[in-house]
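Chemist: Please find one structure pasted underneath; my questions will follow.
The values are calculated or read from the model by the stated rules, or taken from the named source; none is laboratory data. None of these values were measured; they are calculated from a predicted model. Backbone-built Cβ (ideal geometry, glycine too); neighbour counts: all protein chains shown. SASA here: full protein model, heavy atoms, side chains in, ligands and nucleic acids out. Shrake-Rupley method; radii C 1.70, N 1.55, O 1.52, S 1.80 Å.
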Amino acid sequence: MPTKFTILQNDITEVPSDLLLLKHAKGFHGGDLVVANELLVAGICSEKEISPQPDDFVLVEANKVIAPARVLFIGTPHLRDFSYAQMHHFAARAIEIVAKEPIAIGLMTTTIHGVNYGLDAIESFQSLVHGFHAGLARHPEVQLGEIAFVEKRERTVRILKEALDKLRIASPA
């Protein structure tokens, strides 16, 4: 069964999922910062433990501090260098990591990266979706039921839902 993509309006820390995917762009920003702070304040980990270098990753059990069961931080370049191509790579890399980790994932949540630092929400979203598709094509053994993009702002959610509908039209049935 193909992976379903959805858009949810909510706080990333409040959506129950098997895995929350976030970046570490040589620092924490936006949703990653909120989640990192929650984990740090709860004493689950240190900042150094959840600060992977580009392409490295850290998988952290959230221990009910936030709604997702675990958080996957993937290291990326500095925010200023985290381009659409880097987002594609980030999403494909996430699937590669999931293929190697012994965890069952029905629902993976993530954010739309780039919107708060000048990148276009639709292009960011499309880059991530195409990256996930590329990763799933390379790793057909990954059984991932749903990837939900979580966004707080109603306007951005509306725009992303329209973009998702257009992607479905363009996708083969």
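Chemist: Hey, any hits in segment 161-169 for a residue that's farther than 23 Å from residue 34 by Cα, within 15 Å of the chain's Cα centre (by Cα) and not aliphatic (A, V, I, L, M)? Let's see the steps before the verdict.
Modeler: Our first condition is that a residue be farther than 23 Å from residue 34 by Cα; within segment 161-169, this holds for 161-169.
Subset that is within 15 Å of the chain's Cα centre (by Cα): none.
The answer is no, given that none of the residues of segment 161-169 is farther than 23 Å from residue 34 by Cα, within 15 Å of the chain's Cα centre (by Cα) and not aliphatic (A, V, I, L, M).
Chemist: So, one more: Which residue out of 19, 40, 33, 59 is among the hydrophobic types (A, V, I, L, M, F, W, C) and open to solvent by less than 40 Å² (accessible area, probe 1.4 Å)? Break it down into steps so the answer makes sense when it comes.
Modeler: Working: 40 fails: open to solvent by less than 40 Å² (accessible area, probe 1.4 Å); 33 fails: open to solvent by less than 40 Å² (accessible area, probe 1.4 Å); 59 fails: open to solvent by less than 40 Å² (accessible area, probe 1.4 Å).
Criteria check complete, one pass: 19.
Chemist: Another one. Tell me, which residue of segment 138-166 that is in contact (Cβ under 8 Å) with a residue 60 or more places away in the chain and assigned to a helix (DSSP H, G or I) is surrounded by the fewest Cβ atoms within 10 Å (Cβ to Cβ)?
Modeler: 154
Chemist: Condition (residue is of a type outside the set (Phe, Trp, Tyr) and closer than 19 Å to residue 148 by Cα) applied to segment 40-59: is it met by at least one residue? Let's see the steps before the verdict.
Modeler: Looking only at segment 40-59, we keep the residues that are of a type outside the set (Phe, Trp, Tyr), and these are 40-56, 58-59.
Checking which are closer than 19 Å to residue 148 by Cα leaves us with 59.
Yes, because at least one residue in segment 40-59 is of a type outside the set (Phe, Trp, Tyr) and closer than 19 Å to residue 148 by Cα.
Chemist: Open to solvent by 60 Å² or more (accessible area, probe 1.4 Å) and among the aliphatic types (A, V, I, L, M) - does that describe any residue in segment 74-91?
Modeler: yes
Chemist: Among the listed residues 99, 67, 104, 94, which satisfies the condition of being out of contact with any strand residue (DSSP E or B) (no Cβ under 6 Å at 6 or more places or on another chain) and either of a type in the set (D, E, K, R) or part of a helix (DSSP H, G or I) (or both)?
Modeler: Numbers: 67 fails: either of a type in the set (D, E, K, R) or part of a helix (DSSP H, G or I) (or both); 104 fails: either of a type in the set (D, E, K, R) or part of a helix (DSSP H, G or I) (or both); 94 fails: out of contact with any strand residue (DSSP E or B) (no Cβ under 6 Å at 6 or more places or on another chain).
One residue alone meets the criteria, 99.
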